[in-house]
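A quick write-up on the structure given underneath.
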Amino acid sequence: MKSALILGITGQDGSYLAEQLLAEGWAVHGLVRRASMFNRSRIEHLRAAPAPGRLTLHYGDLTDVTSLRRILEKEKPQEIYHLAGQSHVGLSFEIPEVTCEENGTATLSLLEILRDLGYPVKLYHAASSEIFGAPAIAPQNEATACNPVNPYGCAKAFAAQLCRVYRNAYGLFACNGIAYNHESPRRGENFVTRKITLGAARIKAGQQAEIALGNLDARRDWGWAPEYVAAMRLMLAAPAADDYVLATGLACSVREFAAAAFAELDLELAFEGQGTAELARRKDTGAVVLRVDSKFHRPVESTTLVGDSSRAKAKLGWAARTVGGDVARLMARADYAALSS
Ligand code: F7E
């Protein structure tokens, strides 16, 4: 039986990936942190239902190198998907050291383990569009220079470059998925898309009165997470290891994303900062006001992040199909359906 290890199995991408691998009969191993409260809601259904493959969870931690080495030596997975770490860009300004330890140094430790492993293994590393930060060109591709503007982007750039070094120096099959934002109803609630769609669903259900956000004009290239997870698998199935930009190629603003989500639930939306007369008119018609709170602003904002996935299209036959507003509509519908069931 083929087997894979997923670091970050309890996250959005890890849970979709585990589903896909188990459905194809793979044995799946996942690393989980011990915590006083379980954080396994995204994979609970996989643990409960008998899967065609086999799911085994191991206690461990990305920063506990010895435990990671033991799991790898014992289970000998053919594929490793490294999706774990501190994933919140805004928070990386508050906890830069943990962010760099988990996203940077821990990746180096993993590469060192793989270098000594003694059997061939394939590694997918979840790099990020944040390595480009404030890029000189748009759209970005695999050759675009790194220019991170936050601790998260710095750590990801460090780790992505080390994957390239280990690929070139030791022939390790290590791939970087330079993924742009990818979302789903399993997205954490402190990312802007989910904050919006869950907020809209709760407002519709009468459980919440308003949503407070940060920079409404920030633009992101938003895609659909299960499609990005499929790309990870294609990267490891390719004849040679390489880096790939995974993106839709289209960006929309937070404001536009919110408008699409609210319209999907037939809610009228008014933006704070809209001309006073227009705001008053909209409030009179019962529109929900989207408030701006400076506590959600970042010290520096990444700019013009939009990706060119031509290489993934040419070499893997992969292209994103679900884009921006479609993502907002799917998420809003799913969040409302879950609340009303
Ligand atoms: O912010 C703006 C915020 O936190 C998106 C991670 O998966 O994608 C993700 O990072 C934009 C930013 O995602 C709020 O300033 C406005 O411009 O949802 P986000 P992110 O920072 O783009 C990349 C590719 C990754 O690799 C990361 O791991 O939305 N924004 N108002 C807000 N953002 C948040 N979180 N909350 C707000 O209230």
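The values are calculated or read from the model by the stated rules, or taken from the named source; none is laboratory data. Note that this is a predicted model, so its numbers are computed, not measured. As a convention, Cβ positions derive from the backbone with ideal geometry for all residues, glycine included, and neighbour counts pool all protein chains shown. Accessible surface areas use protein heavy atoms only, side chains included; no ligands, DNA or RNA. Shrake-Rupley method; radii C 1.70, N 1.55, O 1.52, S 1.80 Å.
When residue 120 is tested against (1) in a helix (DSSP H, G or I); (2) modelled with pLDDT under 95, exactly one condition is not met: (1). Considering 36, 41, the condition of being modelled with pLDDT of 90 or more, open to solvent by 30 Å² or more (accessible area, probe 1.4 Å), farther than 18 Å from residue 3 by Cβ and part of a loop (DSSP other than H, G, I, E, B) is satisfied by 41 alone.
Within segment 151-183, the set of residues being among the charged types (D, E, K, R) and touching a strand residue (DSSP E or B) at 6+ places or on another chain (Cβ under 6 Å) comprises 156, 167.
The requirement of being part of a loop (DSSP other than H, G, I, E, B) and crowded, with 20+ Cβ neighbours inside 10 Å is fulfilled somewhere in segment 62-72, by at least one residue. Touching a His at 6+ places or on another chain (Cβ under 8 Å), crowded, with 21+ Cβ neighbours inside 10 Å and not hydrophobic (A, V, I, L, M, F, W, C): is that true of residue 152 in this structure? Spelling it out, residue 152 is indeed touching a His at 6+ places or on another chain (Cβ under 8 Å), crowded, with 21+ Cβ neighbours inside 10 Å and not hydrophobic (A, V, I, L, M, F, W, C). For segment 280-290, indicate whether the set of residues that are within 23 Å of residue 191 (Cβ to Cβ), hydrophobic (A, V, I, L, M, F, W, C) and part of a helix (DSSP H, G or I) is non-empty. No, segment 280-290 contains no residue that is within 23 Å of residue 191 (Cβ to Cβ), hydrophobic (A, V, I, L, M, F, W, C) and part of a helix (DSSP H, G or I). Suppose we keep only residues that are open to solvent by 40 Å² or more (accessible area, probe 1.4 Å) and closer than 27 Å to residue 322 by Cα within segment 265-274. Which one would you say is modelled with the lowest pLDDT? Filtering first and then ranking leaves 268.
Would you point out the residue of segment 275-311, among those that are under 18 Å from the mean Cα position of the chain (by Cα) and more than 13 Å from the ligand (Cβ to nearest atom), that is surrounded by the fewest Cβ atoms within 10 Å (Cβ to Cβ)? So, considering only residues that are under 18 Å from the mean Cα position of the chain (by Cα) and more than 13 Å from the ligand (Cβ to nearest atom), the one surrounded by the fewest Cβ atoms within 10 Å (Cβ to Cβ) is 308. When restricted to residues that are surrounded by fewer than 19 Cβ atoms within 10 Å (Cβ to Cβ) and in contact (Cβ under 8 Å) with a residue 12 or more places away in the chain, segment 312-329 contains 7. Does any residue of segment 14-27 turn out to be part of a loop (DSSP other than H, G, I, E, B), of a type in the set (A, V, I, L, M) and in the same structural domain as residue 225 (by TED's automatic domain parsing)? No, segment 14-27 has no match at all.
Residue count for segment 90-108 satisfying the condition of being open to solvent by 30 Å² or more (accessible area, probe 1.4 Å) and part of a helix (DSSP H, G or I): 8. Consider residue 87 carefully, then state whether it is open to solvent by less than 30 Å² (accessible area, probe 1.4 Å) and within 11 Å of the ligand (Cβ to nearest atom). When the stated conditions are applied, residue 87 does not pass them. Within segment 2-33, no residue satisfies the criterion of being farther than 13 Å from residue 83 by Cβ, surrounded by 20 or more Cβ atoms within 10 Å (Cβ to Cβ) and among the small types (Gly, Ala, Ser).
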